[in-house]
1. Taking the condition away from every other protein chain (no Cβ under 14 Å) and assigned to a helix (DSSP H, G or I), does residue A:83 pass?
2. Looking at this structure, is residue B:1 without any contact (Cβ under 8 Å) to a residue 12 or more places away in the chain and either farther than 20 Å from residue B:105 by Cβ or out of contact with any strand residue (DSSP E or B) (no Cβ under 7 Å at 6 or more places or on another chain) (or both)?
3. With the checklist (1) closer than 17 Å to residue A:112 by Cβ; (2) within 10 Å of chain B (Cβ to nearest Cβ); (3) over 27 Å from the mean Cα position of the chain (by Cα) in hand, flag the one item residue A:51 doesn't pass.
4. Against the definition (surrounded by fewer than 16 Cβ atoms within 10 Å (Cβ to Cβ), modelled with pLDDT of 80 or more and either over 22 Å from residue A:698 (Cα atoms) or in contact with a strand residue (DSSP E or B) (Cβ under 8 Å, 6 or more places away or on another chain) (or both)), how does residue A:337 come out, yes or no?
5. Where in region B:1-116 are there strands (runs of 3 or more DSSP E), lying wholly inside it, with at least 2 residues that are within 14 Å of another protein chain (Cβ to nearest Cβ)?
6. Regarding residue A:22, is this residue modelled with pLDDT of 80 or more, more than 10 Å from chain B (Cβ to nearest Cβ) and either surrounded by 15 or more Cβ atoms within 10 Å (Cβ to Cβ) or on the phi < 0 side of the Ramachandran plot (or both)?
7. Could you figure out which of (1) in contact (Cβ under 8 Å) with a residue 12 or more places away in the chain; (2) in contact with a helix residue (DSSP H, G or I) (Cβ under 6 Å, 6 or more places away or on another chain); (3) within 14 Å of chain B (Cβ to nearest Cβ) isn't true of residue A:56?
8. I need a count of the residues in region A:30-40 that are in a helix (DSSP H, G or I) and surrounded by fewer than 22 Cβ atoms within 10 Å (Cβ to Cβ).
């Protein structure tokens, strides 16, 4: 069936299914916390059921299959025939990812791809409680991932996975397929790590069978990854593989990158990692030694695949935001709001008529008074209209928050941390664009909090804290902006360590570092190239860095503040304006040109005798309440032909902040505070550093809106 | 006046699609929609639609409960939308028990591969059920005692038949059968019942009246998908004194055992070495009904041409007429359910109009009549 993304019916389906999917994301995570909530189980069941119905109507068989199986599983769950376990969720959550991915494909106008067979197989097993029984006996139901692998890996995971890497190690393994000992497994591990070890391995193969089966999860992961990697790579790019293998030391980063690539490519090439695993699964089944033996490899193959899947899922979440931004083009608006707007538009028309009549003349003095009234009226109507229209663009922050339970769940399960996520103010409304723009930075900050903030349960216990860490996400409206808080009760940050780090990295000299206040030291984490963790972990080594987070937030005219207490926790507060379309500014004049400075970055204004400045280190500074602030002449930067001019002896200084730094800008005139409507810059000017946009002033002229951080980056060669 | 429809579904997507499809038929008018069962009950009472299309899985109140409530407060024909899965079978049968008249697959592809054909059939079903005066759930039929369906007004047919009871010939216009079946006790060797829309409830009513020691074997043909018939047979077995099960290939006819033709297949009788067994075969794709009453009745006509009591109960269409004609020619008796108690007076009407009916009976009387006359 050809898909036309513009098809109304398809759109209708996507809107509904999109909402259900979002709900499912939350509900499934909630479910793990309250596994016996019958209403919740019913709701999840209905969610899959409804998507299935719509997908069936449109003939989207790939989605129908996934939903249908999930529905079956949840039907058993709601009937109490099976129970919600962490294992079950480990299967169901990736299924949801698949569904999300299929949905994204649909949005992009592509036919959704069928889910990987192994996942469907897992679901089928879950959906048939009888069939699931033998599979589970091989694995302790409550066991952790590591334990599972310990149990399964030496005996069972082996044959299944070796198959997938057959290209690389076929020769070696083929003879011993039937019976592989732990020793061999170890040997194999070595063999894969470096070709030179192959010799050793094959030698050690025939030796004793006693077990030394302590294989850590990491090792196993690594092995798996390599197996997958090689299995995929050997065929098309043999030399490269050889290189990589010969290199012996593959850093985790490289490795991750490779993995991502593999998973990424897997989408477009036929023999994907999963397919290989699925094949080996069938092979394992075909071999049919004893019923139990066949069951075990099947489980193993399925389980063994999980770490890889989990990782790819994480990557997807990290990168997923962008695609969502591009595609979500509809907003749901309460009809009541539309009615209100229509009403106000009616009012607007009336005022226009009034003004038009007045403009036609009559007694001048009387007209002027009437005109004043009409304009006052206009003022009220446009104000209301502006608010109402803005409200139609408002969406609850829930859209961003909704993904966190899952992120936190997956991460804490992966890292074996215990974290309770508390969310407050999910209903807080903010502009649709902001909601979308905030998604990625927020995800990054939350991941950071989980990764760096909250300690391992044992560590917490030692520190006299409850084993379970708490992560608070809160949103609330404060006047004309939104305050977002990400707070953990973890280890907190040590400002001294941060300062030392900054010095070590050559970001500043020891003296400057020593002068930093604590909060200035905390903000260092936002600087590019700053990471206190010596080894980059899987989690925080990816995606946007902290510097990108800060840049994003300041692009939104927002600010970030960090408070942290060593041993107690860290609190990040993000402030963003309610909307991006209208911005309060301070209007200034440089020569005859008007400019607007975003009011959020303006701290204070004062008049200064410019002869009382000093030059320190070649930088013009001015003392304000005992503190030296760098001083810049905006005229020199912004007005053509004025870069070297001498300037007046006194002038207005606007103190603005960039991050935690304060700087003074000398301007020619101050006009005053004004709410401006931001117009994007044309193509020619788009992306010019230091300019955030343009606006039209009351007298019909154009004023450029300055972007303070950008300005400092491109002109302020020395910061503070 | 168009048939007024209330659409109940928690999926807005589905509500809009159904509304589009049904509104395209000039005979139908969608008067309202409801998002859940509770709204459905309320809307039904307020709008008084001619027919309600009902989803099963809904928040607040599910479709089965809602159907039960509607039957208790403002009885209205309810058409269920269900999935044709084995799990769906249970829910659908529950819904029928609760008083729903009929069901349709939620996946329209299951109605017909051809989209336009599926739409046409969908509208047709809604129209027939909505316009049928008798589809109101007088035949709401858990085995509990309910006020017996109103005694049907004497039909023109039965009034005339009192005067003369001519023999049926293919040439004559509708034969006028009696309301009391002729007594031919001891003569029958098999009871064969065919039915469609409204059949699950009707069969239950009829079979639950038969005693455990019922002396004849029965075969039942109910138009139903293959995923439903096992659950349906099981349910009948629980509700009736006689044994009911889904027929398997090679099952032998036995007194007191009712074999239900499996959905999606055809069931024919075979006689070999004195044993009469059922033969379950793949359906010829050209056949519209799987199982088909005509196919089974025709095979019965070869084996028990004069010793069969064939009964056609409520249902849309005319399946069973040709099979009944063969049986009639062989000398068997044919009964039809009357119009007043039929959810859809289609299949029984076809029998009566073809002059094949020996008796036309209201549903509540059929079970007793079978028990007495055999």
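1. Against the criterion (away from every other protein chain (no Cβ under 14 Å) and assigned to a helix (DSSP H, G or I)), residue A:83 does not qualify.
2. Yes; evaluated as a whole, the condition is true for this residue.
3. Condition not satisfied by residue A:51: (3).
4. Judged against the criteria, residue A:337 is a match.
5. Qualifying strands (runs of 3 or more DSSP E): B:3-8, B:51-55, B:78-82, B:102-105.
6. Yes, satisfied.
7. All conditions are met except number (1).
8. The qualifying residues number 6.
The values are calculated or read from the model by the stated rules, or taken from the named source; none is laboratory data. This is a predicted model, so every value here is computed, not measured. Cβ atoms come from the backbone with ideal geometry, glycine included; neighbour counts cover every protein chain shown.
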